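The structure appears below as structure tokens.
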Amino acid sequence: MSKTSAVRAAGETLTQRQIVTVMVGLMLGMFLASLDQTIVSTSIYTIANDLGGLSLQAWATTAYLITSTVSTPLYGKLSDIFGRRPLYLIAIVIFLAGSLYAGSVHSMTELALARGVQGLGAGGLLALALTIIGDIVSLKDRAKYQGYFMSVFGISSVLGPVVGGAFAGSSNILGFDGWRWVFFINLPIGLAALTVVFLFLHLPVKHVKQKIDYFGAAAITLAIVPLLLVAEQGRAWGWASLNSFLCYGLGVVGIVWFLLAEKRAGDYALIPLRLFRNATFGLSSLLNFIIGIGMFGAIAMLPMYLQLVKGLTPTEAGLMMITFTVGILTGSITAGRTISASGTYRIFPIMGTAILTGAALLMGLSLGVDTGLWVPGVIAVFFGMGLGFCMQPLTLAMQVSVPPKDMGVGTSSAAFFRSMGGAVGTAVFISMLFSVAAGRIADGIKSAMESDDFQAVLADPAVAADPANAKLYEFFQHGASNDSLNDTSWLHSANSVLTRPITEGFAYAIDTVMLTAAALTGIAFLISFALPNKKLTDPKAAKEPETVAVPAH
């Protein structure tokens, strides 16, 4: 075989049209996986009521987060051994099976199981799409293409609450409960992605004889599952409860076991520890984790503010988040094109974390009950831009900081650490929100009770007789607590004078959460200066001239 033929066999000569066609399939897969991280958030209340399991609703979210996070590094490692294409096709099939099951369930327990199956597929969809682009596109153009992927990730994360709210608000669509289409919508999109990838993605057949790190997989599962559980359930259990301490203990044991297992496994480890000796890989992993916390914190807090404080419907709040999408599109595409042209990436994480810190700080200082809607709309643009400047350059940096044989591990590690940060950020920030809100609302009501105007409205017989205020009076009777704040559906139909201390309490709590997020992203800003200041180089491109030099005979 000639050297030119060898290049063609290695999949280095895909035409522009072939790359774009494959990209469509990969982007559809990534769209599905990231959409399902947020689509359930606005529909879960309706789903849980319909299935009679309101107290179990958190498990539907937790199951997806756990299985998608745990499976992400597994897909990366297995794709390095067996090849990307078969693993990506398997991930789509698993995700579709989970979606079909989720749309057909009859109990919340079944839904949690189905969401777990979905997550097993989603872990591969998120990680392998960027890895495959790394395989088929040169570094010169990779940043540009991956910028589009990061835009899809941001758009789908924001569209999730809008789509979920719209489906949940429909009683019946084509003979099925509206909320079931939250999951059924995945089927046509997933089948399109499956078809495109199957027909047009042709990578060299790969089967590297290598051990599989089963102990590492078991250890990382033991580390992550209890920690995600306590992050999600800690507010209900109590952070100092027996259940919480059991999860802390199991998580620590899992982390220690994972480090020992990876050290023993060496090169065939799930995430080889030698990769962390590279400053770019280690720092980018840490930054991805912190940025994941900030990203999902903002995606959770902004809709909370718009609904709890400003009284918007879930669909309206989702539409308001379109400005976030504009920001992330601008940031991702600008970063991708600039890196493709210059090869330098370090400036973007520095700029991105600075913008994120400024946006979170401004959000924490300016969002109140009487703040105009244009304020969070403008802030969301900059928050999205900051994320766009960070996510794609850091993924690219992790890809090129590892040897070509570890491309899958490098890319999946970026998704893994960002997903871990997102899971922790969402759970902890929502817990912080309700904990701070409960105390602040209690103080606000106590202070309001001393006001003559408030007392006059409270004692007005017409106000007391209004059915819209019934739950409000129950709330005053029982006081503000985590339990009483679980259902706030009555908040904006009740008397606005009497609900003022409650909305002010939520606004204060959201400000506290965003100031905490600003502190975290500020730390990330300082860390980003430690990234090596060098141009990205493509190991494959360095070998390419030598390979193509001899023409075919």
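The values are calculated or read from the model by the stated rules, or taken from the named source; none is laboratory data. Being a predicted model, the structure only gives us computed values, none of them experimental. Virtual Cβ from ideal backbone geometry, glycine too; neighbours counted across all protein chains shown.
Miscellaneous remarks
- Only one of the numbered conditions (1) surrounded by fewer than 21 Cβ atoms within 10 Å (Cβ to Cβ); (2) more than 23 Å from the chain's Cα centre (by Cα); (3) in a helix (DSSP H, G or I) is violated by Gly216, and that is (1).
- Entry remark, segment 9-37: residues being at pLDDT 75 or above and either touching a Gly at 6+ places or on another chain (Cβ under 9 Å) or basic (Lys, Arg) (or both) number 8 in total.
- The listed residues are Ala122, Ala166, Ala114, Ala127, and the only one of them that is in contact with a helix residue (DSSP H, G or I) (Cβ under 8 Å, 6 or more places away or on another chain), surrounded by fewer than 24 Cβ atoms within 10 Å (Cβ to Cβ), within 24 Å of Ser419 (Cβ to Cβ) and not β-branched (Val, Ile, Thr) turns out to be Ala114.
Condition check ((1) more than 20 Å from the chain's Cα centre (by Cα); (2) closer than 26 Å to Thr516 by Cβ; (3) of a type in the set (Gly, Ala, Ser)) across all residues:
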{"site": "Leu273", "(1), (2), (3)": "yes, no, no"}
{"site": "Ser284", "(1), (2), (3)": "no, yes, yes"}
{"site": "Leu287", "(1), (2), (3)": "no, yes, no"}
{"site": "Pro303", "(1), (2), (3)": "no, yes, no"}
{"site": "Ser342", "(1), (2), (3)": "yes, no, yes"}
{"site": "Tyr345", "(1), (2), (3)": "yes, no, no"}
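- Any hit, segment 463-474, residues being more than 25 Å from Ser431 (Cα to Cα), modelled with pLDDT under 80 and assigned to a loop (DSSP other than H, G, I, E, B): yes
- For segment 162-178, a tally of residues being out of contact with any strand residue (DSSP E or B) (no Cβ under 8 Å at 6 or more places or on another chain) and over 24 Å from Phe324 (Cβ atoms) returns 7.
- Scanning segment 503-537 for residues that are assigned to a helix (DSSP H, G or I) and of a type in the set (Gly, Ala, Ser) returns Gly505, Ala507, Ala509, Ala517, Ala518, Ala519, Gly522, Ala524, Ser528.
- For segment 401-412, a residue qualifies if it is surrounded by fewer than 24 Cβ atoms within 10 Å (Cβ to Cβ), touching a helix residue (DSSP H, G or I) at 6+ places or on another chain (Cβ under 7 Å) and closer than 22 Å to Ala530 by Cα, and the qualifying residues are Ser401, Val402.
- Considering residues of segment 253-271 that are modelled with pLDDT of 85 or more and within 24 Å of the chain's Cα centre (by Cα) only, the residue farthest from Ala219 (Cα to Cα): Ile255
- Residues of segment 250-272 that are hydrophobic (A, V, I, L, M, F, W, C) and surrounded by 16 or more Cβ atoms within 10 Å (Cβ to Cβ): Leu250, Ile255, Trp257, Phe258, Ala261, Ala265, Ala269, Leu270, Ile271.
- Screening Ala6, Ala48, Ala97 for residues that are surrounded by fewer than 19 Cβ atoms within 10 Å (Cβ to Cβ), assigned to a helix (DSSP H, G or I), at pLDDT below 80 and small (Gly, Ala, Ser) leaves exactly one candidate, Ala6.
- Filtered residue count, segment 108-150, keeping only those that are outside any helix (DSSP H, G or I) and either of a type outside the set (Ser, Thr, Tyr) or assigned by TED's automatic domain parsing to the domain that holds Gly422 (or both): 1
- Residue within segment 271-278 that is outside any helix (DSSP H, G or I), in contact with a Pro (Cβ under 7 Å, 6 or more places away or on another chain) and within 15 Å of Met407 (Cβ to Cβ) present: yes
- Ser79 under 15 Å from Gly119 (Cα atoms) and either modelled with pLDDT of 80 or more or in contact with an Asp or Glu (Cβ under 8 Å, 6 or more places away or on another chain) (or both): no
- Candidates in segment 455-469 are the residues that are in contact (Cβ under 8 Å) with a residue 12 or more places away in the chain and either closer than 28 Å to Leu515 by Cβ or under 42 Å from the mean Cα position of the chain (by Cα) (or both); of these, the one that is surrounded by the fewest Cβ atoms within 10 Å (Cβ to Cβ) is Ala468.
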